[in-house]
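Worksheet: one structure, shown below.
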Ligand code: GLU
């Protein structure tokens, strides 16, 4: 970008210039503000800040689906495509009854940052369908998924926008999406069409190591960063919010490293054990019952006790904004490791940093999922199959280099790990815009 920089504008100035109202409690504006602050640390051109402030496309759909009892329901869907300067839009599809457009916009922006930080050749997107997947039958879930895929139509594509699993979706969801998309593809494009989504089942073009990838990536980030904080993983205790894909894999992989799981909370309750909770047994209990409640090997505790339990690492692996200021005041840990996207509010983060807690940002800690998604997409396109050893080895390299990039940027700009992670991402995006230019 060769136009001269204009005087720095604050996030709220930029947002009001775009005709929107700045609201400090709104997750999207909170996230954009942090991103723009990081952009200011680098002194990037004004037009880059404008580009990053809003997504390129916001697609909204309404999908009519016939339920098992013969009644009809209308499902509201979103796909937000934030930026594609680095490559095709990339990001998960979430099924959740409480999802809102601003949340999907936030998650799409974070995907742009995440892919840029890890230097993946992808932009950022996110999708969602507003309903509770636990409240419908498997047959209804399949019809909803196929209808959503048809509704997305040419707004997605293996060279254009590649969805993946997120909260409430999994490999089966991706298999239905891919199958539907392939059915619409021309016969000469059917093989290429199978890389329309990542996170597919192994038998249908999925990658070894994809299911555990977010948890595995988080463990590699801890391997890279904890020694510098004088912390030794096998000697550490931790607590966890969420025991879905990310939480349960994180717990099983940390157990293999000797770390002790003291407390867990999910949508069904909270549990504690001073001796340590066996993550493999808990994963089995959750598979059978749908939640951590009534796990016989731990005692039930209330939410306040969960947050106040002293641990070395506190790992939120569920939804956004669960660690607010009230909860942050209760938390007693050395490091907060963001496994979920945007789990910490800015006020909570400020409080934690002021009491000496290090906060490791989500776009670094949970980038393992999209990194192995990239490996899956690459394998599909090159008709290759990598084994788990190779996937893990390549994942470790990406995670370690990303962690080092964040550390070096924090040191260079004298800023928090969150600002450094955004700055390291924006720096790369800025360099790509400066060689590509902004059309026309
Ligand atoms: N939903 C995951 C995330 O938030 C993975 C996205 C992907 O693999 O494209 O990072």
Among 304, 228, 217, which is closer than 30 Å to residue 180 by Cβ and in a helix (DSSP H, G or I)?
217
Within 15 Å of the ligand (Cβ to nearest atom) and more than 12 Å from the chain's Cα centre (by Cα): is that true of residue 128 in this structure?
yes
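For every residue, the table says whether it meets (1) at positive phi; (2) touching a residue at least 60 places away in the same chain (Cβ under 8 Å); (3) touching a helix residue (DSSP H, G or I) at 6+ places or on another chain (Cβ under 8 Å).
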| position | (1), (2), (3) |
| --- | --- |
| 49 | no, no, yes |
| 52 | no, yes, yes |
| 82 | no, no, yes |
| 93 | no, yes, yes |
| 99 | no, no, no |
| 137 | no, yes, no |
Selection within region 43-63 - surrounded by fewer than 17 Cβ atoms within 10 Å (Cβ to Cβ) and farther than 20 Å from residue 84 by Cα
43, 62
Residue in region 110-125 that is farthest from the chain's Cα centre (by Cα), counting only those that are within 12 Å of the ligand (Cβ to nearest atom) and part of a helix (DSSP H, G or I)
117
If you go through region 118-132, how many residues are in contact with a strand residue (DSSP E or B) (Cβ under 6 Å, 6 or more places away or on another chain) and buried (at least 20 other Cβ atoms within 10 Å of the Cβ)?
9
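Residue-by-condition table, conditions (1) surrounded by 24 or more Cβ atoms within 10 Å (Cβ to Cβ); (2) touching a strand residue (DSSP E or B) at 6+ places or on another chain (Cβ under 6 Å); (3) in a helix (DSSP H, G or I):
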| site | (1), (2), (3) |
| --- | --- |
| 348 | no, yes, yes |
| 372 | yes, no, yes |
| 389 | no, no, yes |
| 397 | no, no, yes |
| 402 | yes, no, yes |
| 423 | yes, no, yes |
| 428 | no, no, yes |
| 431 | no, no, yes |
| 435 | no, no, yes |
Scan region 405-423 for residues that are within 20 Å of the chain's Cα centre (by Cα) and over 13 Å from residue 34 (Cα atoms) and jot them down.
405, 406
Take region 302-343 and flag every residue that is crowded, with 22+ Cβ neighbours inside 10 Å and at positive phi.
342
Tell me, yes or no, whether region 365-375 has at least one residue that is touching a residue at least 40 places away in the same chain (Cβ under 8 Å) and on the phi > 0 side of the Ramachandran plot.
no
Look through region 262-301, keep the residues that are touching a helix residue (DSSP H, G or I) at 6+ places or on another chain (Cβ under 6 Å) and in a strand (DSSP E or B), and return whichever of them is surrounded by the fewest Cβ atoms within 10 Å (Cβ to Cβ).
270
Across region 272-288, what is the number of residues that are farther than 15 Å from residue 300 by Cα and touching a strand residue (DSSP E or B) at 6+ places or on another chain (Cβ under 7 Å)?
1
Just one of the numbered conditions (1) surrounded by 24 or more Cβ atoms within 10 Å (Cβ to Cβ); (2) assigned to a loop (DSSP other than H, G, I, E, B); (3) within 16 Å of the ligand (Cβ to nearest atom) is not true of residue 208; which one?
(1)
Just checking, how many residues over region 86-104 are crowded, with 18+ Cβ neighbours inside 10 Å and away from the ligand (no atom under 13 Å from the Cβ)?
2
Quick check, is residue 410 surrounded by fewer than 24 Cβ atoms within 10 Å (Cβ to Cβ), part of a helix (DSSP H, G or I) and more than 13 Å from the ligand (Cβ to nearest atom)?
yes
Restricting to region 149-170, name every residue that is within 14 Å of the ligand (Cβ to nearest atom), surrounded by 19 or more Cβ atoms within 10 Å (Cβ to Cβ) and closer than 27 Å to residue 340 by Cβ.
156, 161, 162, 163, 164, 165, 166, 167, 168, 169
Give the residue that is surrounded by the most Cβ atoms within 10 Å (Cβ to Cβ), with candidates limited to residues of region 231-246 that are in contact with a helix residue (DSSP H, G or I) (Cβ under 6 Å, 6 or more places away or on another chain) and not in a helix (DSSP H, G or I).
240
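Read-outs: derived from the displayed coordinates by stated rules, not from any lab. The structure presented is a predicted model; accordingly, all values stated were derived computationally and were not measured. With ideal geometry, Cβ positions are generated from the backbone for all residues, glycine too; neighbour counts draw on all protein chains shown.
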